[in-house]
Structures are given as structure tokens and as C-alpha cells.
Amino acid sequence: MQKFRNTRKVFANFAANMYELLDRIDSPSDLRSLKPEQLEQLCSELRSYIIESCADNPGHLASSLGAIELIVGFHYVFDSPADKIVFDVGHQAYAHKVLTGRREAFKNNRKKDGLSGFPSRSESEYDCFGAGHSSTSVSAALGLAEAAKLQGRKNKVVALIGDGALTGGLAFEGLNNAGISRSDLLVILNDNNQSIDGNTGALHNYLLRVTTSSRYNRLKDKVWHSLGDSRLRALIQRWIRSVKAYFVKKSGGDLFEALGFRYFGPIDGNDIEAVVQNFRKLKSIGGPRVLHCCTVKGKGYAPAENDPVVWHAPGKFDPSTGERKNAPRSIARYQDVFGQVLCELAEKDGRVVGITPAMASGCGMTVFAGKFPDRFFDVGIEEEHAATFSAGLAAGGMRPFCNIYSSFSQRAYDQIIHDIALQKLPVVLCFDRAGLVGEDGATHQGAFDIAAYRSIPGAVICAPRDEWELKQLMYTGLQQPEGPFIIRYPRGAGEGVPWQGADFQVLPLGKAEELLQGTELAVVATGPAVNRALEAAEGFEGKVGVYNFRFIKPLDTQMLEQIANKYKQVVTVEDGAVKGGLFGAVSEYFASHAKGLLVEPVGIGDSFVAQASQQEQRAAWNLDREGLEKIFRKFLEI
């Protein structure tokens with residue numbers, strides 16, 4: 001309770017005097033005019049501002065609170081925007097946005113026509129590289145550093161990567177290349193794993209001071225170059241590494257130095273004085289180097305520190321008490337249905353296993369993890385590995401359900417083709433967050449999965465219209481003897497259709513169903529958009545027919561033939577990209593088999609979808625009831 005009382009006191013203080021320092025900062029140059037002893041107060045004000053802003057306008061809170069000192073330290077020591085900071089994922093970048101001329105605009109963060117929730121090159125000159133998916137920072141920063149070198153510029157490049165993002169294979173590819181490049185690249189490892197806190201003490205601090213000393217590094221460089229590539233240099237290097245590894249236990253320094261980086265740390269990344277001191281020293285040291293910073297996710301706000309998983313993106317809350325204001329759910333979310341059905345299937349079939357790339361809570365797999373810990377695999381932020389690992393499990397006789405967010409599945413495209421489909425291995429791929437996802441914006445929209453995977457031989461692609469169909473499609477996927485079985489479903493609540501206790505049924509593969517007979521216009525829809533089409537068709541007095549194409553591949557060509565014989569106009573409706581999606585599949589078939597039939601799409605057009613609520617995004621693409629009614633009236637000339 002003491003931490004909560006402290007939280008209330010902080011907000012009471014700032015309510016009285018507002019933001020004494022923060023209100024004076026419109027750019028990093030203003031920040032650099034502050035005295036070093038003022039930085040701690042600035043960090044505190046930034047925390048309060050971000051907490052208060054996110055209380056009413058939800059966002060990714062805990063990650064940004066933990067990185068405040070690192071961001072303040074960067075902008076205080078380095079000369080941005082000439083010097084570049086590349087964020088990994090971007091969840092931790094809120095303080096960066098506030099300090100770079102977007103303080104007032106931050107109040108509309110993640111809203112329609114507001115700021116992106118992630119760094120965006122189109123938004124600010126201080127955002128040198130966009131970041132929505134993880135593990136990209138080192139590769140991008142290396143590219144920026146090499147570009148600067150080739151163009152004769154002396155600007156510094158910094159990559160800020162969290163320990164979670166460091167699990168991604170791309171991060172290691174970047175480190176491996178950067179280590180041999182000799183580029184002037186500083187990687188800041190933002191490590192909020194609290195088990196690292198044991199790395200403290202006088203000897204450790206002494207070694208840190210020595211290894212960041214400019215005199216030490218000038219001498220080391222001079223001796224190093226004089227030794228060339230001799231055997232003596234190699235012996236000395238091995239000895240230094242062994243001594244460092246002994247004294248800096250659990251630091252990971254051995255790993256980074258083996259990759260060609262000079263390793264420094266760990267330091268307290270929430271101590272602004274230590275951060276500034278080490279940034280200044282490392283700024284003058286060239287070559288690839290890593291500064292290991294230990295931080296606390298949710299730092300400075302007790303509820304977020306105590307439960308960083310929930311407070312990663314907590315929704316609306318009372319900043320003074322930490323009480324979350326999320327409305328109770330009366331309808332199950334698709335992710336919850338997935339998790340419960342997976343448990344039911346696992347009870348029936350001992351071969352069922354669950355795999356997730358670090359999205360256990362988000363995809364609804366935590367209950368499964370508790371009930372079947374030996375059959376649950378969280379592989380970290382490694383979508384490619386998740387897919388190939390699932391293929392290996394299938395090759396070994398198991399029946400894997402691999403759950404990946406739709407937009408993240410794009411990173412495993414080669415593995416889905418090469419390791420699953422080509423070998424005809426039975427893997428059920430569940431793509432959560434398919435379609436329009438809302439405030440996370442362009443980097444997270446699940447718009448491309450149908451178009452991406454429809455061309456893969458042997459793949460099955462399906463989309464349930466409600467919770468009951470999701471349950472039956474999961475069971476149907478378990479029965480398939482070979483090949484990837486892809487189920488895509490949206491973020492958020494279902495339709496309220498009863499599904500708990502329903503008997504399992506195998507749905508006929510590649511079969512659609514006629515839900516509403518019509519006379520003039522056929523609506524071929526998939527996923528929950530089927531329900532909006534039904535609602536919209538109600539007011540057209542039997543003129544509009546609605547068809548549920550729960551299977552996009554294989555396509556029900558018999559049903560399409562019936563539609564072609566009955567109608568002259570067809571509208572396809574899908575919560576995904578129309579180019580190559582359901583519209584692509586239907587129009588390709590009709591182009592070959594039904595000359596003269598007019599086919600028009602409703603779905604996501606040829607553009608990236610910016611942040612807004614799901615309702616606003618669906619309205620913009622006519623994927624709500626009102627939009628579909630408008631489309632139907634146009635076709636029926638009403």
C-alpha cells in the first residue's frame with residue numbers, strides 16, 4: 001500500500017504546480033539547456049504526464065515508463081535529430097514523442113488523425129525509422145550508421161532494444177553483421193529482467209568505470225592496432241574476455257564480445273545520472289558497442305511495477321489509485337474462445353500442443369499453459385522459429401496449434417511455405433487479430449494474410465463468422481491429415497453466439513452456405529463480416545442474397561456456379577485486403593467461368609490503414625452495417 005500512497009502523492013504534487021520543466025521543452029535542444037541536477041525532476045514529470053495521458057487515452061504504458069531515463073539521457077547527451085535513435089518495437093518511445101515537439105499532440109496518441117502509437121518517419125524528423133514489429137533496431141541502425149559513413153557524416157547512431165526483442169532471430173542477424181562491420185554503432189540493451197539486479201557491487205562498478213574511461217580506451221585502441229592480427233593479440237583478447245566473464249557474472253558480455261561488440265555494463269538504466277555519465281563516455285568511443293541497462297518495466301508507478309503484464313496496455317484507469325476502468329465483458333472474445341477450445345481439444349487428444357511467439361496472454365493461451373504445462377511452448381518473439389518448431393512437432397507425431405497475430409505471421413512466410421506446406425505437415429495456424437485491429441495502426445493491421453497465403457499449394461484458409469464456427473473450425477483442423485490449416489479471426493468480442501458445451505462437428509472442407517436467398521444481388525462474405533452483411537440485407541425485401549464462405553481456400557466453386565446462374569451482380573465482403581483476397585479468388589473464378597458477371601469488392605483497399613478505433617476503421621471501408629447498406633443501395637439503384 002505504501003507504493004500506492006506514493007503514487008497518489010506524486011500526482012497531487014503535479015496537480016498543484018503542473019509541469020515546471022516539461023512545459024518549457026518543445027525540442028531536445030531545450031532539454032539540453034537544463035542542468036544535470038534538473039534531469040531527475042524532468043523524468044518524474046514525464047512519468048506523470050505519460051500516466052495521466054494514458055489514463056484517459058489508453059496505450060502501451062509500462063514499457064514507456066521503464067525507458068524514460070534512457071530516452072532523456074539520449075536526447076541530453078546526443079545531438080538529435082542529427083544523431084539517430086532507432087527504437088525496437090516502439091512501445092517504449094512515448095517519452096521520445098513528448099520531448100520532440102509532440103507534447104500536446106500526444107494527448108491524441110493512437111487516435112484517428114492523431115499520433116501513431118509507434119515511431120513513424122512521416123510524423124517527425126526525430127523518428128528516423130518506423131518500428132511496430134520487434135527485433136529490427138540493430139539491422140536498421142547498422143544501415144543508418146553505414147550510410148552516414150559512406151556519405152562522410154559524423155553523426156552517431158543508437159539502437160534501443162529490449163531484452164524481449166533480443167530473442168528475435170533478426171536481432172542476432174543484425175548483431176552478427178554489425179560486429180564485423182566496425183561501424184560506429186551503440187546498442188542500448190534495455191533489460192527489465194529483474195533477476196539481473198545481482199550484478200552490483202564495488203568491484204563491478206570499478207570495472208565499469210575503467211572500461212568506459214576515455215584514457216583506457218585510447219590506450220587499448222593504440223595497443224590493439226599495434227598488435228595487428230597477431231597470435232599475441234588473440235591470446236590477450238581471450239584472457240580479457242575470461243577475466244570479464246568471471247567478474248561480470250550473468251551479464252551476457254561474453255556473448256556480445258564473441259559477436260564483435262565491446263560490452264559495457266550492466267548499469268541502472270533508471271538512474272539518470274548513471275545513464276548520462278555512461279552515454280557521454282560511450283559517445284566518444286567508436287566501433288560497435290553494447291551498453292547493458294537494467295530497468296524496471298512500469299518504473300515509478302506502483303500498479304505497473306507490480307503487474308507489468310497487465311499494465312503493458314491496461315486500458316483506461318484512475319491514475320491516483322491504479323483502478324482500471326475497463327467495462328465488464330458480456331460477450332467472449334475470440335481469443336478466449338480459442339483458449340478454452342484448445343483445452344477441450346487437448347483433453348480429447350493427447351497429441352495436441354500449443355505454441356505462441358510470446359503472446360500467451362494476448363492469444364488466450366494462459367489457461368492452456370496452466371492445465372497442460374508440458375504441452376505449451378512460448379518460444380519468445382520468434383515467429384519464424386514458432387512455425388518451423390511446429391512443423392517439427394508435427395513431423396514427430398504431435399498436432400500443433402500455433403497461434404500468431406496475423407500481422408506477425410508475415411515474418412514466418414517462408415517457414416510456412418518451406419517447412420510446413422511443402423512437407424504437407426498437419427499444423428493448425430491460428431491467426432489472431434486478423435483484419436482491422438484498431439489503435440495499433442498500420443504496423444499491426446491483419447490485412448494481408450488471405451492474399452499472402454492463398455497461393456500456397458495445399459493450404460486451407462478459413463474464417464469463422466462467430467464463436468461457434470471458430471470452435472468447429474479448430475476441431476476440423478485437428479482432423480486434417482496434412483498441410484497447413486489456417487484459421488483467421490478478428491481482435492475483440494465475438495457475436496454472442498452460444499458455443500460452450502456445443503458438440504464438436506467437422507465442417508465440410510471447402511463448403512459455403514446460403515444464409516439468405518435473394519433475387520438481384522449476391523453477397524459473398526467471409527468471417528464476422530457475414531453477420532454485418534446479413535444485418536444490412538434485412539431492409540431490401542429479399543433482393544439481396546447472403547452467402548457464408550467460411551472457407552476461402554478451397555473455394556466452393558459449386559456454390560459460385562449457382563450464384564452465377566442466379567445473379568448478375570456479386571459483392572464480396574472481407575475484413576482484409578481485397579487484392580488477392582476473397583475478392584481475388586471469386587473474381588478469378590468468375591473471369592474464367594461466368595463471362596459478363598459484375599463482381600465488386602468491399603474490404604481494405606490498396607493502402608495501409610492508420611490508427612483509429614476498429615469501429616472507425618470499419619466505417620471507413622464500408623465494413624459496418626451502414627456502409628454495406630449504402631453499397632447495396634448503389635447496386636440496386638435505390
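The values are calculated or read from the model by the stated rules, or taken from the named source; none is laboratory data. Here the structure is a predicted model, which is why all the values come from computation and not from measurement. Because the Cβ atoms are built from the backbone with ideal geometry, glycine has one as well, and the counts that use them run over all protein chains shown.
Counting only residues that are within 18 Å of Lys111 (Cβ to Cβ) and without any contact (Cβ under 8 Å) to a residue 12 or more places away in the chain, which one in region 592-625 is nearest to the chain's Cα centre (by Cα)? In this case the residue turns out to be Gln615. With a requirement of 1 or more residues that are assigned by TED's automatic domain parsing to the domain that holds Ser135 and surrounded by fewer than 24 Cβ atoms within 10 Å (Cβ to Cβ), none of the helices (runs of 4 or more DSSP H) lying completely within region 395-511 satisfies it.
Take the conditions of a type in the set (D, E, K, R) and free of Cβ contacts under 8 Å to residues at least 12 places away in the same chain and apply them to Asp503. Does it pass? The answer is yes for Asp503.
I'd like to check something: does region 365-386 contain any residue that is over 19 Å from Ile456 (Cβ atoms), touching an Asp or Glu at 6+ places or on another chain (Cβ under 7 Å) and crowded, with 24+ Cβ neighbours inside 10 Å? Looking through region 365-386, none of the residues is over 19 Å from Ile456 (Cβ atoms), touching an Asp or Glu at 6+ places or on another chain (Cβ under 7 Å) and crowded, with 24+ Cβ neighbours inside 10 Å. Per this entry, Ala594 is not counted among residues that are under 23 Å from Asn531 (Cα atoms) and of a type in the set (Gly, Ala, Ser). Of all residues assigned to region 380-394, at least one qualifies as being at pLDDT below 95, not assigned by TED's automatic domain parsing to the domain that holds Ala585, not in a strand (DSSP E or B) and not acidic (Asp, Glu). Set side by side, the residues Leu160, Leu150, Leu189 differ, and just one is out of contact with any Asp or Glu (no Cβ under 6 Å at 6 or more places or on another chain) and under 25 Å from Glu439 (Cβ atoms), which is Leu160.
So which of Ala564, Ala529, Ala577, Ala536 ends up being crowded, with 24+ Cβ neighbours inside 10 Å and either farther than 20 Å from Cys462 by Cα or charged (D, E, K, R) (or both)? Testing whether each residue is crowded, with 24+ Cβ neighbours inside 10 Å and either farther than 20 Å from Cys462 by Cα or charged (D, E, K, R) (or both) leaves just Ala536. Within region 512-525, can you find the residues that are over 34 Å from the mean Cα position of the chain (by Cα) and either surrounded by fewer than 19 Cβ atoms within 10 Å (Cβ to Cβ) or part of a strand (DSSP E or B) (or both)? Within region 512-525, Glu513, Glu514, Leu515, Leu516, Gln517, Thr519, Glu520, Leu521, Ala522 qualify. Counting only helices (runs of 4 or more DSSP H) that fall entirely inside region 250-349 and contain at least 1 residues that are closer than 19 Å to Glu45 by Cα and out of contact with any strand residue (DSSP E or B) (no Cβ under 9 Å at 6 or more places or on another chain), the qualifying elements are 272-283, 302-306.
Let's see how each residue does on (1) outside the structural domain of Ser64 (by TED's automatic domain parsing); (2) surrounded by fewer than 24 Cβ atoms within 10 Å (Cβ to Cβ); (3) of a type in the set (Ser, Thr, Tyr); (4) not in a loop (DSSP other than H, G, I, E, B):
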| site | (1), (2), (3), (4) |
| --- | --- |
| Val138 | no, no, no, yes |
| Ala141 | no, no, no, yes |
| Ala145 | no, no, no, yes |
| Ala148 | no, yes, no, yes |
| Arg153 | no, yes, no, no |
| Leu166 | no, yes, no, yes |
| Glu173 | no, yes, no, yes |
| Gly179 | no, yes, no, yes |
| Val187 | no, no, no, yes |
